[in-house]
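Have a look at the structure below, then the notes.
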Amino acid sequence: MSNARVWKVRYVEDSKVDPKVWEEIPPLVIDNFPWDENGYRPRTEVRIFYSETRFYLLFKAFEQEIRAECLNINDPVCTDSCVEFFFNPDPEHDDRYINFEINPIGTFLLGIGADRYSRVLINDVSPEIFDITTSVTKDSVQSYKGPLWTAEYSIPFYFIEKYYGRQDFRCGKRIKANFYKCGDKTKYPHWGCWNRIDTPHPDFHRPEFFGELILG
(Lines give C-alpha, C1' and ligand atoms only; values in the text may rest on other atoms or scores of the structure.)
Protein backbone atom coordinates (compact mmCIF):
# COMPACT_ATOMS: atom_id res chain seq x y z
CA MET A 1 0.00 0.00 0.00
CA SER A 2 1.45 3.35 -1.01
CA ASN A 3 -0.45 5.15 1.74
CA ALA A 4 0.52 2.75 4.52
CA ARG A 5 1.43 4.29 7.83
CA VAL A 6 5.01 4.00 9.06
CA TRP A 7 6.13 4.03 12.68
CA LYS A 8 9.68 4.08 14.04
CA VAL A 9 10.20 1.71 16.97
CA ARG A 10 12.71 2.89 19.54
CA TYR A 11 15.53 0.76 20.91
CA VAL A 12 16.17 0.46 24.66
CA GLU A 13 19.00 -1.55 26.15
CA ASP A 14 17.91 -4.55 28.20
CA SER A 15 19.70 -3.11 31.23
CA LYS A 16 17.60 0.06 31.01
CA VAL A 17 14.18 -1.53 30.66
CA ASP A 18 11.98 -0.51 33.60
CA PRO A 19 8.48 0.98 34.06
CA LYS A 20 9.77 4.54 33.66
CA VAL A 21 10.80 3.82 30.07
CA TRP A 22 7.17 4.09 28.97
CA GLU A 23 7.20 7.80 29.79
CA GLU A 24 9.75 8.31 27.00
CA ILE A 25 7.95 6.26 24.35
CA PRO A 26 5.50 8.22 22.16
CA PRO A 27 2.12 6.57 21.52
CA LEU A 28 0.61 5.66 18.21
CA VAL A 29 -3.18 5.88 18.14
CA ILE A 30 -5.72 3.41 16.82
CA ASP A 31 -7.91 6.05 15.21
CA ASN A 32 -9.48 4.46 12.12
CA PHE A 33 -12.98 3.05 12.56
CA PRO A 34 -14.02 2.23 8.99
CA TRP A 35 -17.05 0.16 10.02
CA ASP A 36 -18.47 2.48 12.68
CA GLU A 37 -22.25 2.19 13.00
CA ASN A 38 -22.84 3.38 16.57
CA GLY A 39 -20.36 6.22 17.11
CA TYR A 40 -18.36 4.27 19.68
CA ARG A 41 -14.68 5.02 19.03
CA PRO A 42 -12.71 4.53 22.26
CA ARG A 43 -9.34 6.24 22.20
CA THR A 44 -6.68 3.55 22.21
CA GLU A 45 -2.96 4.25 22.47
CA VAL A 46 -0.12 1.84 21.81
CA ARG A 47 3.46 2.24 22.92
CA ILE A 48 6.11 -0.11 21.57
CA PHE A 49 9.88 -0.45 21.84
CA TYR A 50 12.45 -3.21 21.49
CA SER A 51 15.61 -4.34 23.23
CA GLU A 52 18.29 -6.90 22.44
CA THR A 53 15.88 -9.69 23.32
CA ARG A 54 12.22 -8.61 23.10
CA PHE A 55 9.47 -6.38 21.80
CA TYR A 56 7.62 -4.51 24.55
CA LEU A 57 4.03 -3.28 24.13
CA LEU A 58 1.70 -1.20 26.28
CA PHE A 59 -1.94 -0.64 25.27
CA LYS A 60 -4.20 1.96 26.88
CA ALA A 61 -7.91 1.74 26.03
CA PHE A 62 -10.15 4.52 27.31
CA GLU A 63 -13.47 2.81 28.04
CA GLN A 64 -16.04 3.34 30.78
CA GLU A 65 -17.50 -0.16 30.42
CA ILE A 66 -15.71 -3.35 29.46
CA ARG A 67 -16.42 -7.00 28.78
CA ALA A 68 -13.93 -9.67 29.90
CA GLU A 69 -15.52 -13.11 29.91
CA CYS A 70 -12.86 -15.19 28.14
CA LEU A 71 -10.65 -16.97 30.68
CA ASN A 72 -8.57 -19.53 28.78
CA ILE A 73 -5.76 -19.24 26.25
CA ASN A 74 -7.13 -19.04 22.69
CA ASP A 75 -10.68 -18.33 23.79
CA PRO A 76 -12.28 -15.86 21.32
CA VAL A 77 -11.09 -12.73 23.13
CA CYS A 78 -12.21 -10.54 20.20
CA THR A 79 -15.72 -10.92 21.60
CA ASP A 80 -14.54 -9.13 24.76
CA SER A 81 -13.05 -5.66 25.01
CA CYS A 82 -9.85 -6.44 23.16
CA VAL A 83 -6.60 -4.98 21.83
CA GLU A 84 -4.59 -6.72 19.14
CA PHE A 85 -1.16 -6.72 17.50
CA PHE A 86 -0.76 -8.47 14.12
CA PHE A 87 2.79 -8.59 12.74
CA ASN A 88 5.03 -10.22 10.16
CA PRO A 89 8.67 -9.90 11.24
CA ASP A 90 10.08 -11.21 7.94
CA PRO A 91 7.80 -9.98 5.12
CA GLU A 92 10.49 -10.38 2.45
CA HIS A 93 10.68 -14.13 2.98
CA ASP A 94 7.44 -15.24 4.66
CA ASP A 95 3.76 -14.45 4.03
CA ARG A 96 2.63 -15.54 7.49
CA TYR A 97 1.85 -13.19 10.34
CA ILE A 98 1.22 -13.70 14.04
CA ASN A 99 -1.91 -12.30 15.69
CA PHE A 100 -1.64 -11.51 19.40
CA GLU A 101 -5.05 -10.62 20.86
CA ILE A 102 -5.63 -9.83 24.55
CA ASN A 103 -8.56 -8.85 26.75
CA PRO A 104 -8.58 -6.64 29.89
CA ILE A 105 -7.77 -9.49 32.29
CA GLY A 106 -4.83 -10.81 30.26
CA THR A 107 -6.47 -13.71 28.45
CA PHE A 108 -4.86 -13.97 25.03
CA LEU A 109 -5.25 -15.66 21.66
CA LEU A 110 -2.28 -16.48 19.43
CA GLY A 111 -2.43 -17.56 15.81
CA ILE A 112 -0.14 -17.79 12.80
CA GLY A 113 -0.80 -18.08 9.07
CA ALA A 114 -0.86 -16.18 5.79
CA ASP A 115 -4.53 -15.17 5.97
CA ARG A 116 -7.77 -15.75 7.86
CA TYR A 117 -8.34 -19.17 6.31
CA SER A 118 -4.92 -20.80 6.70
CA ARG A 119 -4.36 -19.90 10.35
CA VAL A 120 -3.46 -22.26 13.16
CA LEU A 121 -3.68 -21.47 16.84
CA ILE A 122 -0.47 -21.55 18.85
CA ASN A 123 -1.21 -23.73 21.87
CA ASP A 124 2.22 -24.93 22.99
CA VAL A 125 3.24 -21.75 24.78
CA SER A 126 3.31 -20.69 28.40
CA PRO A 127 1.74 -17.31 29.24
CA GLU A 128 4.68 -16.61 31.55
CA ILE A 129 7.06 -15.91 28.65
CA PHE A 130 5.09 -12.78 27.73
CA ASP A 131 5.21 -11.14 31.19
CA ILE A 132 1.59 -9.98 30.88
CA THR A 133 0.44 -7.23 33.24
CA THR A 134 -3.07 -5.74 33.19
CA SER A 135 -4.69 -2.99 35.23
CA VAL A 136 -7.84 -5.11 35.55
CA THR A 137 -7.95 -8.57 37.12
CA LYS A 138 -10.50 -11.39 37.26
CA ASP A 139 -11.39 -10.20 40.76
CA SER A 140 -11.68 -6.48 39.96
CA VAL A 141 -13.35 -6.57 36.54
CA GLN A 142 -16.87 -6.46 37.98
CA SER A 143 -16.10 -3.19 39.78
CA TYR A 144 -14.43 -1.52 36.80
CA LYS A 145 -15.72 2.03 36.28
CA GLY A 146 -13.11 3.41 33.86
CA PRO A 147 -11.71 5.65 32.66
CA LEU A 148 -9.19 3.29 31.03
CA TRP A 149 -7.65 -0.14 31.16
CA THR A 150 -4.13 -1.20 30.23
CA ALA A 151 -2.47 -4.34 28.92
CA GLU A 152 1.30 -4.64 28.91
CA TYR A 153 3.34 -7.55 27.62
CA SER A 154 6.58 -8.42 25.83
CA ILE A 155 7.31 -10.87 23.04
CA PRO A 156 10.67 -12.68 23.23
CA PHE A 157 12.63 -12.89 20.02
CA TYR A 158 13.20 -16.61 20.64
CA PHE A 159 9.42 -17.12 20.43
CA ILE A 160 9.28 -15.34 17.07
CA GLU A 161 12.32 -17.20 15.73
CA LYS A 162 10.69 -20.52 16.56
CA TYR A 163 8.36 -19.86 13.64
CA TYR A 164 10.43 -17.63 11.34
CA GLY A 165 13.99 -18.78 11.90
CA ARG A 166 16.85 -16.52 12.88
CA GLN A 167 16.02 -12.81 12.59
CA ASP A 168 18.26 -9.76 12.77
CA PHE A 169 16.33 -7.40 15.02
CA ARG A 170 18.37 -4.25 14.68
CA CYS A 171 18.16 -0.70 13.38
CA GLY A 172 16.61 -0.47 9.91
CA LYS A 173 14.72 -3.75 9.98
CA ARG A 174 11.19 -3.42 8.56
CA ILE A 175 8.22 -5.28 9.95
CA LYS A 176 4.69 -5.34 8.54
CA ALA A 177 2.08 -4.83 11.24
CA ASN A 178 -1.23 -3.43 12.34
CA PHE A 179 -2.83 -2.64 15.70
CA TYR A 180 -6.49 -3.09 16.51
CA LYS A 181 -9.18 -2.32 19.08
CA CYS A 182 -12.40 -4.30 19.03
CA GLY A 183 -15.25 -5.78 21.02
CA ASP A 184 -17.55 -8.00 18.95
CA LYS A 185 -20.00 -8.70 21.78
CA THR A 186 -19.55 -5.60 23.92
CA LYS A 187 -22.35 -3.14 24.66
CA TYR A 188 -21.20 -1.09 21.67
CA PRO A 189 -19.57 -3.40 19.10
CA HIS A 190 -16.59 -1.66 17.51
CA TRP A 191 -13.62 -2.32 15.24
CA GLY A 192 -10.72 0.13 15.11
CA CYS A 193 -7.37 -0.11 13.34
CA TRP A 194 -4.11 1.84 13.19
CA ASN A 195 -3.54 1.42 9.46
CA ARG A 196 -6.85 1.78 7.66
CA ILE A 197 -8.53 -1.29 6.16
CA ASP A 198 -10.73 -0.77 3.12
CA THR A 199 -13.18 -3.67 3.14
CA PRO A 200 -17.00 -3.63 3.24
CA HIS A 201 -17.15 -5.57 6.53
CA PRO A 202 -14.89 -5.80 9.61
CA ASP A 203 -11.89 -7.98 8.81
CA PHE A 204 -8.58 -7.57 10.64
CA HIS A 205 -7.01 -10.52 8.82
CA ARG A 206 -6.00 -8.47 5.81
CA PRO A 207 -2.19 -8.26 5.70
CA GLU A 208 -2.37 -6.25 2.46
CA PHE A 209 -3.49 -3.36 4.68
CA PHE A 210 -0.69 -3.66 7.24
CA GLY A 211 1.40 -0.61 8.02
CA GLU A 212 5.15 -0.71 8.58
CA LEU A 213 7.29 -0.65 11.71
CA ILE A 214 10.92 0.34 11.27
CA LEU A 215 13.35 -0.50 14.04
CA GLY A 216 15.27 2.59 15.10
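The values are calculated or read from the model by the stated rules, or taken from the named source; none is laboratory data. Note that the structure is predicted; figures quoted are calculated from it, not measured. Don't worry about glycine lacking a Cβ; one is built from the backbone with ideal geometry, like all the others, and counts go over all protein chains shown. We work out accessible area using only protein heavy atoms, side chains counted, and drop any ligands, DNA or RNA first. Shrake-Rupley method; radii C 1.70, N 1.55, O 1.52, S 1.80 Å.
State yes or no: is LYS16 over 25 Å from PRO91 (Cα atoms), under 16 Å from the mean Cα position of the chain (by Cα) and open to solvent by 20 Å² or more (accessible area, probe 1.4 Å)? No.
One residue is enough: does segment 30-52 have a residue meeting the conditions modelled with pLDDT of 95 or more, under 19 Å from ILE132 (Cα atoms) and among the small types (Gly, Ala, Ser)? Yes.
Please verify whether segment 53-63 includes one or more residues that are hydrophobic (A, V, I, L, M, F, W, C), touching a residue at least 40 places away in the same chain (Cβ under 8 Å), surrounded by fewer than 17 Cβ atoms within 10 Å (Cβ to Cβ) and closer than 23 Å to GLU161 by Cβ.
From segment 53-63, those hydrophobic (A, V, I, L, M, F, W, C) are 55, 57-59, 61-62; that's our starting set.
Next, only the ones that are touching a residue at least 40 places away in the same chain (Cβ under 8 Å) stay: 55, 57-59, 61-62.
When the remaining residues are screened for being surrounded by fewer than 17 Cβ atoms within 10 Å (Cβ to Cβ), the result is 62.
With closer than 23 Å to GLU161 by Cβ added as a condition, the list becomes none.
No: segment 53-63 contains no residue that is hydrophobic (A, V, I, L, M, F, W, C), touching a residue at least 40 places away in the same chain (Cβ under 8 Å), surrounded by fewer than 17 Cβ atoms within 10 Å (Cβ to Cβ) and closer than 23 Å to GLU161 by Cβ.
Among the candidates LYS60, LYS162, which residue alone is of a type in the set (Lys, Arg), within 16 Å of the chain's Cα centre (by Cα) and not in a loop (DSSP other than H, G, I, E, B)? I'd like the intermediate steps shown before the answer.
Working: LYS162 fails: within 16 Å of the chain's Cα centre (by Cα).
After ruling out the rest, the residue left standing is LYS60.
Among residues of segment 159-174 that are of a type in the set (Lys, Arg), those with a beta-carbon under 6 Å from a residue that is exposed (fewer than 14 other Cβ atoms within 10 Å of the Cβ) at least six positions away or on a different chain give the pairs ARG174/ILE214. Within segment 67-91, which residues are open to solvent by 40 Å² or more (accessible area, probe 1.4 Å), of a type outside the set (Lys, Arg) and either modelled with pLDDT under 95 or in contact with a helix residue (DSSP H, G or I) (Cβ under 8 Å, 6 or more places away or on another chain) (or both)? Within segment 67-91, GLU69, ILE73 meet the criteria. Candidates are the residues of segment 24-40 that are of a type outside the set (Asp, Glu) and not in a loop (DSSP other than H, G, I, E, B); the one that is least open to solvent (accessible area, probe 1.4 Å) is LEU28.
Does segment 41-48 contain at least one residue that is without any contact (Cβ under 8 Å) to a residue 24 or more places away in the chain and either open to solvent by 70 Å² or more (accessible area, probe 1.4 Å) or touching a strand residue (DSSP E or B) at 6+ places or on another chain (Cβ under 8 Å) (or both)? Reasoning before the result, please.
We begin by selecting, within segment 41-48, every residue without any contact (Cβ under 8 Å) to a residue 24 or more places away in the chain; these are 43, 45.
Then keep just the ones that are either open to solvent by 70 Å² or more (accessible area, probe 1.4 Å) or touching a strand residue (DSSP E or B) at 6+ places or on another chain (Cβ under 8 Å) (or both); that gives 43, 45.
Scanning segment 41-48 turns up at least one residue that is without any contact (Cβ under 8 Å) to a residue 24 or more places away in the chain and either open to solvent by 70 Å² or more (accessible area, probe 1.4 Å) or touching a strand residue (DSSP E or B) at 6+ places or on another chain (Cβ under 8 Å) (or both).
Residue by residue through segment 188-216, note down the ones that are closer than 27 Å to CYS171 by Cβ and in a loop (DSSP other than H, G, I, E, B). Result: TRP194, ASN195, PHE210, GLY216.
Scoring LYS8 on the criteria (1) exposed (fewer than 15 other Cβ atoms within 10 Å of the Cβ); (2) in a loop (DSSP other than H, G, I, E, B); (3) in contact (Cβ under 8 Å) with a residue 40 or more places away in the chain leaves a single failure, condition (2). Within segment 125-138, residues that are closer than 20 Å to ILE160 by Cα reach partners that are of a type in the set (Ser, Thr, Tyr) and at pLDDT 95 or above with beta carbons closer than 7 Å, at six or more positions or on different chains, in the pairs PHE130/TYR153; PHE130/SER154; ASP131/TYR153; ASP131/SER154; ILE132/TYR153. Mind telling me which of the residues THR107, THR133 ends up being of a type in the set (S, T, N, Q) and open to solvent by 60 Å² or more (accessible area, probe 1.4 Å)? Answer to the check: THR133.
In a residue-by-residue description of segment 137-157, the property of being open to solvent by 40 Å² or more (accessible area, probe 1.4 Å), over 24 Å from ASP90 (Cα atoms) and either part of a strand (DSSP E or B) or touching a Pro at 6+ places or on another chain (Cβ under 8 Å) (or both) applies to no position. Quickly run through segment 110-130 and pick out the residues that are outside any loop (DSSP other than H, G, I, E, B) and either in contact with a Gly (Cβ under 8 Å, 6 or more places away or on another chain) or surrounded by 13 or more Cβ atoms within 10 Å (Cβ to Cβ) (or both). Residues satisfying the conditions are LEU110, GLY111, ILE112, GLY113, ARG116, VAL120, LEU121, PRO127, ILE129, PHE130.
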